Each structure stands twice: as structure tokens, then as C-alpha cells.
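Engineer: Would you mind keeping the following structure in view while I ask a few things?
The values are calculated or read from the model by the stated rules, or taken from the named source; none is laboratory data. What you see is a predicted model, and the numbers here were worked out from it, not measured in a lab. Reconstructed Cβ throughout: ideal geometry from the backbone, glycine too, with neighbour counts over all protein chains shown. Side chains included, ligands, DNA and RNA excluded: accessible areas come from the protein's heavy atoms. Shrake-Rupley method; radii C 1.70, N 1.55, O 1.52, S 1.80 Å.
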Amino acid sequence: MKRTAIRDQLSAISGQRSARNFWRLTVLLFTHYSLLITAVILLPFTAHSADDRNALLAGMDQAEILRLGERIYREGILPDGKPLPGYVSGDVPVDGTAFTCVSCHLRSGLGSFEGNVVTPPTNGRILYQPREPFIKGSEFIPYIHNYAVYLPVRPAYTYETLAALISTGFDPTGRSVVSVMPRYEMSARDMAILIAYLDTLSDKPSPGVDKSEIKFATVIVEGTDPSAVRSMLTPIEFGIDRKNSLAVAASKNPRVALMSYNMSGNLTDIKFSLSRWVLKGPSTTWKQQLENYYKTEPVFALLGGITNGDWEPVHRFCEEKGIPDLFPIVDYPVISQKDWYTLYPSRGVRQEGEAAARYLHSMYDLFKGRSIVQIIRADRRAEALARGFRETWAETGHPPAEDIILAKGEKLTAEKLQQIVAKEKPAALLVWDDASLLPAVSSLVGKPDKPGLVIASGTYLGKSLWAVPEEVREFLYMTYPYRLPQDDARYDKAAKRVLAGKPINLFDPVIIRQSYLTNEILGKALLEMRGEYYRDFLLDTIGMMADQYFPLYERVSFGPGQRYASKGCFMVQLGKGKSPKLVRRSEWVTQ
Amino acid sequence: MIVANQTLGDQLSVVSSQLFPPQRTRPLQARIIHYALLVTAALFLSLTSAASADNRTYQRSVEKYAMPDVTLINQNGNRVRFKNFLPTDKPVVVDFIFGTCTTICPVLSAGYASLQQRLGADTEKVHLISITIDPENDTPAVLKDYLKRYRSKPGWDFLTGSRKDIDRVMKAFNANIPDKMSHYALTFIRMPKEDNWVRINGMMSTSEFLAESQKAGIK
């Protein structure tokens, strides 16, 4: 890392490698050395004096200042609506709309790691403290999560030196910081607005956190199957109980503290609690119920949560209040590119439809222009599958598939399916329905217009997926959004570990594994948060995690702002014989 | 995501490039930064005996690579056969980035954007290719949105695909990026009718990028 920093500072002279250029450089240096010194002395006073600061912001109310500051920080837009201009790598112009502070310092302002680039915090609380190679009071932080060991020490910033850093790249020691950090051009007033915002970043403790406790809650929508609720709760409660009992043991015996998982540093002393927030009645009343729960008990974050239908009001509530929710168990998550606070295990049911679209896209040339037909049962699940397919298919630029929606309550019959196939002669047929599609599809065997492949949803078929008739197996493809059972078996031991000795058949096999994810990711994130329990930093930290391999999904992956952990889905067929296996026909993710 | 529609033109100014004359003078502050960098650099030069005038933020080498025959997908959702997609009649530049990347991609992509600026009206005379190292998240829509933020012009493609195929491409370039969080900056340049690639490990300034491009033959 240090080497990189040094090389970086040398960047400006490259391209001047010949001897002639060396002399030119030397002359240039002498000519401008004095200019530099003058500039370093003058800059802070000319542009950004602290006394001016109040004058500059006179007449603006604090909320307005912070709104404008946040816009510079997150969107790279100056108060006058123009993009914030800057230079990176010495002379590469960048304007704020391509990327800005938030891309590197992240939403919490507490910095990031990517490969060999370490971006330190940029919040007032930390900037106005000197930097030592360790973080005071947090010496327990593992080396790899401690930005300070990678960067030189520096004294505390003042308002003036901070403004100088942002515009010239010189820190208070006179060091020119690595050229990945852009040098920004902005007026003294805009600088004052930006710094006022930096001063508030990850400053006041997040609600639900104090020295002795972090409060969590989980949201349960009344009417959800009790065994599903139990399956969601058990792994999370296991994690919390274990954490708390280890904390007790550790307080009696410091060696336990050192050994125990999930417990490094100040986490040892912190108790976790989990409340259940049960939502009753129509979803239009949930917002008020959530407000009431939150008012009596502000929590740091929500863990899991479960519904068998709507979730959107909870999602909106979390956005509004800025409360993270880690992996609620929902079939229909809110799909958004920019919402921040809810992390879902996957994109839900629709992810299977999306996978089907990508799969067909990969073989589209073989269809030679023949049509694709979707048969959609009139219910929420089938509609979500169809929508996933439709939207992803549109992205690929193909003409839309023919949608045939069954009447409410109607099940697909052999007769109806044969009519459709005879009329449309599709190259591929998607049937979004439950097991009732099987006899209908069987009836296509031997028919002249039988499509080359029929696609159905593995999760909608449920257990019937294992009962696909032999004669259909060869042309029926199913979406399967999990690791194949034969491959997942080796993760069973891990999954059972969180059931606290209860037999696994008491639980929903998918839900306990989804909830397992909550427990693991929370533990891992808290360990990496170096004692900074801020909500945005929790999400920033998860966003910096490498790919993870747990029970259920082939792989879960994260990334700044990514909100759907499992992105994949296999296309499978049922193998031959009496106790068939699923046979993989695609990769986990195909674009 | 942020959508941009102003032009970069205003902010474009060029320093220390002896290859391309400056288009307009830089603002005082920017000039100061530049001089400051020079001074710091010179101080390091005189202090570090190991340092020579050859020190850069990147390393450069010339390599031969065999490209795999895989099909990838571009920002418009079009399937492209990677082998045929690499033009042989014009210069091609390849880098590895991803849509939600923090520090490294912005810097690399700003470099592409800046190069396109310098190419003038005919941006297609050089083919810039970015390949995602996060194919799981980077759908064509994500790629398109990313290019829009950098105001890419024709001639800059962003490719995704299956993880297996992307891995094969990375392997072919001897780019060992096991996980997107262990990302590092790599750029490859190949000239028309050439077999050799110039491999650049690290981040370049515009002038360095242009110098490297020019050395490789991009005019």
C-alpha cells in the first residue's frame, strides 16, 4: 500500500522520462517551488477562512445546508445544479455526476476498501482527530479492517486544512494524498456547505445502540403460517442467545471473550435484544402500527421478518426512518435500484422468470423467429413470474412473448393447452402454474406442434417437481433458484447447527436456510464495523463483503448498493428413473 | 442512480502532456495542484535512491494472449462473440470493472471518458471495451446505466456474460481477480493487425494514458 502511495505521487512526472525532459522538469520545479509555498500558505486564507464560513452560510437554515451538502456528497451536484468538477489521477477530469464522494467514502462516510485502495473516513468526528496507526479505544480491530494502518499519521484537520485537502489534495502534513482522491474545484460557499454536511456524517449514535445494548426487532405479519414464522425466528434467536450467553461467560472469564465467535472487542460487553413486532389487519394500517412500535422502542435494525403477501409498507417505513432490515422472508420484495435500507435474500419469485428469459435469450438464434408463449395463471405468484420474464426479455431487445392469462380460478387443461399450441406453434412455451400443468403438458407428447421446450417454475411446482411424468422430463425445464439438493447436502450440518437441537423436520427447509443468512451476515458485519455501530455503515460494510457460500443458494454476493443477495437460478430437468435427481441445464447466473 | 446530461467539455483541461498541446489554460488551483505534485515527486526522487525517473503509478509490459471463444452480452443486450468483437482493423483497449464498484472503476472509467474526449468527433476509431467482473449483478441494464453516467460515446462497449465465460476471458488476459472486492486496475491495449497486447497494471493519468496509447500507435 505504501509503495502504491509513493508511486502515485510520482505520477505527475511520467511522460517526462528522457534526459531532456528531466532538465525541463528541474527548471520547472525551481520556477514553481516558490509558487507552491505561497499557495499552500495562502490558499486556506484566501478561499476558506473559518470566519468567512458563518458569513457564507448566513441566512440559510441548517436543514437546507444539510440537504445541499448531501446532494454534493451523494450526487455530485452543486447547489446551483451544476456537476461538481474535479480531477483524478492528476489530470483526468471527472464531474460529480459520474461519481462523487459517496462512491469511495460510502454513504456513512466511514470509508471503504477495494483491492489495494484504502479510502479513509471523511466525517468530521474522525477528521478533526489526529490519525494514529491504531484507532484509539478500538485496538481490537483486526488489521485488515483498520484503514489507519495503511495510511500515514496526520494531525487533526481544522476547517481550513480540510477545505485545502479537498481542493488541493494536500493533507495537514503537506503530503499530497494519493491521486485516486480527486481534487475538487468549488466556491468557498459550496465548500462550507459540503463541510457542514461532513460534520454530521456518522456523528450522533444511531438509535437503538448504547454502550450496553443493541436493540433489534423482527416484523411478523399476522396470518403467516406459524411453522414458517418459527423457521424464520429460530436461526436469528439462536444467534442472539448465543451472543448474549457468550457475553455473560466472557464477562466472567476474559479468555472466553478472546475465543468466542462474534465477540471481538467492545462487542463483548454489548447485549443484543430482539423484539417481535406483529402487524395486524389490512396493510394500509401497518405504517401506523410500525410507527407505534418504533416510538416505544427505537431499534437499530430489523432482522428477518416474514409475510405471506405484502411487504411494501414495511419496506417504505424502513426507507423513511432509515432502518436497515436484513433479509426479510418475502416472495415479492420491492424491486428498486436506489432504495437503500432493505436487503433481500433474492429478488423473490420473479427471479425465476428473469432466469427463464436469460436462458431463452442464450438460444434465441435456434428459434428462427418462431414465437414464445407464456401461459399465466391468474394469481400473484404466476404474475410475478411472468413479469420477471417479460421485463428481462424486453431488455434483450426481442419482440415480446405472447401472454395468455387464464381466467380467475381457471386451471390449465390438456384441451386448452393443445389449442394454444396448435394455434401459436411456439418454439418455447412458459407455463406459470402449479402441479396442475403436468397432465396438460403430458398431453403434448407425440403432437406435431409440441414446442422444443416447456419451462415451468420449480418453486411453484413445489414437491410435484419430483413427480414430473417420465415422458415429459425430456422437454420440461424448470427454474430452480437454489443450489441443487445433491450439492446442498454438505451444508446441512451448518443449517442444523442453528436449530438448537430441534429436529429439522419441524421447520420449513427453505426459510431456516434463508434466516441462516441473516444470522451469519449480521455477525460478520458487526465484527468488521470496528466499533462504529451506525446504520448506514452496517449496510456499507455488508456492501464490501466478498461472495459468501452458505446453505441454500449457490452463492450470495454483495456490492455497494446491491440489495438482492442471491442473483442466480438454475434451469434444471428431472433425471430419468424411479428416484431421479435434478440435472443442471444452465449456470447459476446467465446474463 | 445519477443520470448526467451536461457535457464534460467545460472541465476539460490538459496538463503535462507533451503529446497533445493544452486546449485551454487550467485554473490557478489546478495548476497549483500540478506543481505541487511535481515538487513532491521531485522530493521523493532526491530522497529515494531506488527511485528513478521511470517510476510510475503503473507497470507496463508487452504480452501475447490467446482469446477464448466465448459469447458475451453488451449493454444493449446483444450477444457478441468475443473473439470477433475485438477489432483487428483498429486499436482496442480492454479493462475490467463493474457497475457498483467503489474506487477503482471510477478512476479507470474517467480515463476512458477522457480518452474519448481527446479522440474528437470520431470516437469509434478506437474501440474501448470494459468487461464486468461482477456478472451476477451486472445485467445489460446496469451496464447501460453505468455508461450513461460516464457519458460514453459510440466506441465504448461494456460486456457481461456468464461467470464461467467472464472467468475464461480474465484467465486469457492473465487477470487474476478472484473476487470483485480484490479488484485492481488493469488495462490492455492492442493495435490493428498486431498480436501483442500492451498490459498496464495500475492507474494512469490522461496524459499517461494518451502517451501509452500513442506509443501503442493510437493517434
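Engineer: Does segment A:521-577 hold any residues that are more than 16 Å from residue A:114 (Cα to Cα) and of a type in the set (Val, Ile, Thr), and which are they?
Structural biologist: Scanning segment A:521-577 gives A:521, A:556, A:572.
Engineer: Hey, residue A:555 hits all of (1) within 14 Å of residue A:520 (Cβ to Cβ); (2) at the interface with chain B (Cβ under 8 Å from one of its Cβ atoms); (3) open to solvent by 30 Å² or more (accessible area, probe 1.4 Å); (4) over 12 Å from the mean Cα position of the chain (by Cα) but one; which does it fall short on?
Structural biologist: All conditions pass for residue A:555, except number (3).
Engineer: Further, regarding this structure: Among what's in segment B:175-216 and is in a loop (DSSP other than H, G, I, E, B) and touching a Phe, Trp or Tyr at 6+ places or on another chain (Cβ under 7 Å), pick the residue that is nearest to residue A:548 (Cα to Cα).
Structural biologist: Filtering first and then ranking leaves B:177.
Residue-by-condition table, conditions (1) buried (at least 20 other Cβ atoms within 10 Å of the Cβ); (2) over 41 Å from the mean Cα position of the chain (by Cα):
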residue	(1), (2)
A:385	yes, no
A:389	yes, no
A:392	yes, no
A:407	no, no
A:413	no, yes
A:418	no, yes
A:424	no, yes
A:440	yes, no
A:447	no, yes
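Engineer: Would segment A:483-495 turn up any residue that is open to solvent by 60 Å² or more (accessible area, probe 1.4 Å) and modelled with pLDDT under 95?
Structural biologist: Yes, because at least one residue in segment A:483-495 is open to solvent by 60 Å² or more (accessible area, probe 1.4 Å) and modelled with pLDDT under 95.
Engineer: Inside segment A:569-579, can you point out the residues that are out of contact with any Asp or Glu (no Cβ under 9 Å at 6 or more places or on another chain) and not hydrophobic (A, V, I, L, M, F, W, C)?
Structural biologist: Residues satisfying the conditions are A:575, A:578, A:579.
Engineer: Additional query: So residue B:96 fits all but one of (1) open to solvent by 10 Å² or more (accessible area, probe 1.4 Å); (2) within 13 Å of another protein chain (Cβ to nearest Cβ); what number is the exception?
Structural biologist: Result: residue B:96 fails condition (1) only.
Engineer: Restricted to segment A:332-370, and to residues that are surrounded by fewer than 16 Cβ atoms within 10 Å (Cβ to Cβ) and under 30 Å from residue A:408 (Cα atoms), which residue is modelled with the lowest pLDDT?
Structural biologist: Filtering first and then ranking leaves A:370.
Engineer: Could you please find all residues in segment B:99-113 being assigned to a loop (DSSP other than H, G, I, E, B) and surrounded by fewer than 24 Cβ atoms within 10 Å (Cβ to Cβ)?
Structural biologist: Step one: of segment B:99-113, the residues assigned to a loop (DSSP other than H, G, I, E, B) are B:99-103.
Within segment B:99-113, B:100 is the sole residue that qualifies.
Engineer: Sticking with this one: Looking only at residues that are assigned to a loop (DSSP other than H, G, I, E, B) and at the interface with chain B (Cβ under 7 Å from one of its Cβ atoms) in segment A:84-105, which one is surrounded by the most Cβ atoms within 10 Å (Cβ to Cβ)? Spell out the reasoning first.
Structural biologist: Kept after step one, since they are assigned to a loop (DSSP other than H, G, I, E, B), are these residues of segment A:84-105: A:84, A:89-91, A:96-100.
Next cut, at the interface with chain B (Cβ under 7 Å from one of its Cβ atoms) only: A:89-91, A:97-99.
Working: A:89: 29, A:90: 26, A:91: 27, A:97: 22, A:98: 23, A:99: 25.
Applying the filter and picking the extreme gives A:89.
Engineer: Now for a different question. So is residue A:498 surrounded by 15 or more Cβ atoms within 10 Å (Cβ to Cβ) and outside the structural domain of residue A:229 (by TED's automatic domain parsing) or not?
Structural biologist: no
Engineer: Continuing with the same structure: Are any residues in segment B:153-174 assigned to a loop (DSSP other than H, G, I, E, B) and open to solvent by less than 20 Å² (accessible area, probe 1.4 Å), and if so, which ones?
Structural biologist: Once the filter is applied, which keeps residues that are assigned to a loop (DSSP other than H, G, I, E, B) and open to solvent by less than 20 Å² (accessible area, probe 1.4 Å), segment B:153-174 yields B:155, B:161, B:162, B:173.
Engineer: Given the conditions (1) touching a residue at least 60 places away in the same chain (Cβ under 8 Å); (2) surrounded by 23 or more Cβ atoms within 10 Å (Cβ to Cβ); (3) in the same structural domain as residue A:235 (by TED's automatic domain parsing), report the number of the one that residue A:430 does not fulfil.
Structural biologist: Just one mismatch for residue A:430, condition (3).
Engineer: The conditions are (1) surrounded by 23 or more Cβ atoms within 10 Å (Cβ to Cβ); (2) at the interface with another protein chain (Cβ under 9 Å from one of its Cβ atoms); (3) not in a loop (DSSP other than H, G, I, E, B), and residue B:131 fails exactly one of them. Which is it?
Structural biologist: The number of the failed condition is (2).
Engineer: Looking only at segment A:276-288, decide whether some residue is of a type in the set (A, V, I, L, M), in a strand (DSSP E or B) and in contact with a strand residue (DSSP E or B) (Cβ under 6 Å, 6 or more places away or on another chain). Walk me through how you get there before you give the answer.
Structural biologist: Filtering segment A:276-288 for residues of a type in the set (A, V, I, L, M) gives A:278-279.
From the residues that got through so far, the ones that are in a strand (DSSP E or B) too are A:278-279.
Filter again for in contact with a strand residue (DSSP E or B) (Cβ under 6 Å, 6 or more places away or on another chain), leaving A:278-279.
So far as segment A:276-288 goes, yes, one or more of its residues are of a type in the set (A, V, I, L, M), in a strand (DSSP E or B) and in contact with a strand residue (DSSP E or B) (Cβ under 6 Å, 6 or more places away or on another chain).
Engineer: Same structure, new question: Restricting attention to segment A:106-118, and to residues there that are in contact with a His (Cβ under 6 Å, 6 or more places away or on another chain) and facing chain B (nearest Cβ under 7 Å), which single residue is least open to solvent (accessible area, probe 1.4 Å)?
Structural biologist: Quick first cut of segment A:106-118, residues in contact with a His (Cβ under 6 Å, 6 or more places away or on another chain) only: A:111, A:114-115.
Remaining after also requiring facing chain B (nearest Cβ under 7 Å): A:114-115.
Numbers: A:114: 1, A:115: 38 Å².
That would be A:114.
Engineer: Would you check if there is a residue in segment B:195-204 being crowded, with 20+ Cβ neighbours inside 10 Å, in contact (Cβ under 8 Å) with a residue 24 or more places away in the chain and under 19 Å from residue B:81 (Cα atoms)?
Structural biologist: No, segment B:195-204 contains no residue that is crowded, with 20+ Cβ neighbours inside 10 Å, in contact (Cβ under 8 Å) with a residue 24 or more places away in the chain and under 19 Å from residue B:81 (Cα atoms).
Engineer: So residue A:399 clears everything in (1) in contact with a Lys or Arg (Cβ under 9 Å, 6 or more places away or on another chain); (2) open to solvent by 70 Å² or more (accessible area, probe 1.4 Å); (3) not β-branched (Val, Ile, Thr) except one condition, right? Which one?
Structural biologist: For residue A:399, the failing item is (1).
Engineer: Within segment A:399-472, considering only helices (runs of 4 or more DSSP H) that don't extend past its boundaries, which have at least 1 residues that are farther than 20 Å from residue A:584 by Cβ and hydroxyl-bearing (Ser, Thr, Tyr)?
Structural biologist: So the answer is A:437-442.
Engineer: Continuing with this model, one more query. What number of residues in segment A:152-168 are farther than 16 Å from residue A:188 by Cα and within 14 Å of chain B (Cβ to nearest Cβ)?
Structural biologist: The first filter runs over segment A:152-168 and keeps only residues farther than 16 Å from residue A:188 by Cα, leaving A:152-157.
Cutting the leftovers down to within 14 Å of chain B (Cβ to nearest Cβ) gives us A:152.
Residues in segment A:152-168 being farther than 16 Å from residue A:188 by Cα and within 14 Å of chain B (Cβ to nearest Cβ): 1 in total.
Engineer: Is it fair to say residue A:313 is within 22 Å of residue A:536 (Cα to Cα) and either touching a helix residue (DSSP H, G or I) at 6+ places or on another chain (Cβ under 7 Å) or in a strand (DSSP E or B) (or both)?
Structural biologist: In short, yes.
Engineer: In addition: Got at least one residue in segment A:127-134 being farther than 28 Å from residue B:178 by Cβ, open to solvent by 10 Å² or more (accessible area, probe 1.4 Å) and among the hydroxyl-bearing types (Ser, Thr, Tyr)?
Structural biologist: Yes, segment A:127-134 contains a residue that is farther than 28 Å from residue B:178 by Cβ, open to solvent by 10 Å² or more (accessible area, probe 1.4 Å) and among the hydroxyl-bearing types (Ser, Thr, Tyr).
Engineer: So is residue A:581 over 15 Å from the mean Cα position of the chain (by Cα) and not assigned by TED's automatic domain parsing to the domain that holds residue A:330 or not?
Structural biologist: Yes.
Engineer: Condition first: touching a residue at least 40 places away in the same chain (Cβ under 8 Å) and either closer than 19 Å to residue A:329 by Cβ or outside any loop (DSSP other than H, G, I, E, B) (or both). Now tell me which residues in segment A:289-307 satisfy that.
Structural biologist: Answer for segment A:289-307, where residues must be touching a residue at least 40 places away in the same chain (Cβ under 8 Å) and either closer than 19 Å to residue A:329 by Cβ or outside any loop (DSSP other than H, G, I, E, B) (or both): A:290, A:293, A:299, A:301, A:302, A:303, A:304, A:305, A:306, A:307.
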